[in-house]
Amino acid sequence: MFLSHLLGAAVLLALAAPAADAAPDVTTPLPGTPAGTATGAQTSTQPGAQTSPQPGAQTGTEPGAQTGRTGAGRAGVGRTGAGTPASPAAADTDQFDGWGFDTCVTPSLATMRAWKSSQYRSIGVYYGGRGRGCPNQPELSKNWVSSVYGMGWKVLPVFVGSQSPCVAAEGKRKVTMGDDPGGQGTDEGHEAVERARALGMVEGSPLYLDMEAYDQGDSDCAATTLSFIRSWDREVERLGYVSGFYSSADSGVAQLGAERRAGTSDLPSVMWFARWNDQPSVTGEPSLRSQDWSPHLRIHQYAGDVTEEHGGQELNIDRNRVDAPVARIAD
């Protein structure tokens, strides 16, 4: 997902062709323009942005900094198809609506403090999985998770497990799924939950499965990949967590969008789509119907492989617009 994982950035840029997304659903300047510098950052609001406050921002609070619970009586976290009830695991989640970033190596606590001067308030953390581009995470620990949570950060846990047999990035082909994708998906779903628990992320937390861009037009490969994803989802939710999914809008997201329209069960509860169009909106994605993974069940990775500096600390990041569940952290 953090697409500077070796060849990942070039792959997604090739697959994520520009699309006519909706006008941005944010009203403040893009992250990177105020309170710091950014390579490639824009210096004004996006075309079509209104002048009213950012959605979710309250007078006297940081933009997008509030969280809330989505109960079964509200949006819930839907499964597949209209009218299908939310899964038990996803009936009550902690929500975040605002700016986020992800970066390959978990930043130090000092960097996270410095970046409180930015507009970002959520961070994608690559906490597990054999497919991670940066498996060495010296900063990541239960104490780190608890500490950043105490600073007001919201955590988006990302699990980079086995990849599709037809994954586009050459660097990911050494970690493709085997002959039993269903069984492997179950095993890795269990691993994803165990690793999350070890870091203090409790039941009700979303765990986002990162499936890098692949050839979803290859029917055999697509079927294998779907079997893995569905088994991973079932196991994660059986254990009380919420299944999330990240992929390129034109590969994994497009396939799961089609499966949802067909009424396929055991699809992810939350969708994180990558389309690098510099239009930070969770709506208007061509691969998805407006009612799919809505409301409050989407993240848009709208820019990637950019460098920003805040509080004197520089990071290479991907930028995200978040309106979705975030991790619950043990007290």
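The values are calculated or read from the model by the stated rules, or taken from the named source; none is laboratory data. Keep in mind that this is a model prediction, so the values were computed, not measured. Positions of Cβ are backbone-derived with ideal geometry, glycine not excepted, and every protein chain shown enters the neighbour counts. Just the protein is used for accessible areas: all its heavy atoms, side chains included, with ligands, DNA and RNA removed. Shrake-Rupley method; radii C 1.70, N 1.55, O 1.52, S 1.80 Å.
Data table
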quantity	calculated
Extreme residue, surrounded by the fewest Cβ atoms within 10 Å (Cβ to Cβ), among residues of segment 272-292 that are under 13 Å from the mean Cα position of the chain (by Cα) and among the aromatic types (Phe, Trp, Tyr)	273
Test: residue in segment 156-164 that is open to solvent by 20 Å² or more (accessible area, probe 1.4 Å), in contact with an Asp or Glu (Cβ under 9 Å, 6 or more places away or on another chain), at pLDDT 95 or above and not β-branched (Val, Ile, Thr)	no
Residue within segment 174-192 that is under 24 Å from residue 276 (Cα atoms) and over 17 Å from the mean Cα position of the chain (by Cα) present	no
Of residues in segment 273-310 being hydroxyl-bearing (Ser, Thr, Tyr) and outside any loop (DSSP other than H, G, I, E, B), the one nearest to residue 245 (Cα to Cα)	302
Of all residues making up segment 117-142, the number that are closer than 16 Å to residue 202 by Cβ and part of a helix (DSSP H, G or I)	1
Segment 293-331, residues that are closer than 24 Å to residue 213 by Cβ and open to solvent by 40 Å² or more (accessible area, probe 1.4 Å)	294, 305, 316
Members of segment 95-119 found to be among the hydroxyl-bearing types (Ser, Thr, Tyr) and either over 30 Å from residue 162 (Cβ atoms) or touching a His at 6+ places or on another chain (Cβ under 7 Å) (or both), listed by number	111, 117, 118
Hits in segment 134-150 - residues which are open to solvent by less than 40 Å² (accessible area, probe 1.4 Å) and under 27 Å from residue 281 (Cα atoms)	148
Options 114, 110: the member that is of a type in the set (A, V, I, L, M, F, W, C), assigned to a helix (DSSP H, G or I), surrounded by fewer than 17 Cβ atoms within 10 Å (Cβ to Cβ) and in contact (Cβ under 8 Å) with a residue 40 or more places away in the chain	110
Scope segment 178-218; condition under 21 Å from residue 249 (Cα atoms) and of a type outside the set (Asp, Glu); matching residues	206, 207, 208, 209, 211, 213, 214, 216, 217
Of the criteria (1) out of contact with any helix residue (DSSP H, G or I) (no Cβ under 7 Å at 6 or more places or on another chain); (2) of a type in the set (Ser, Thr, Tyr); (3) touching a residue at least 40 places away in the same chain (Cβ under 8 Å), which one residue 302 fails	(3)
Residue in segment 212-253 that is least open to solvent (accessible area, probe 1.4 Å), counting only those that are farther than 30 Å from residue 202 by Cα and among the aliphatic types (A, V, I, L, M)	222
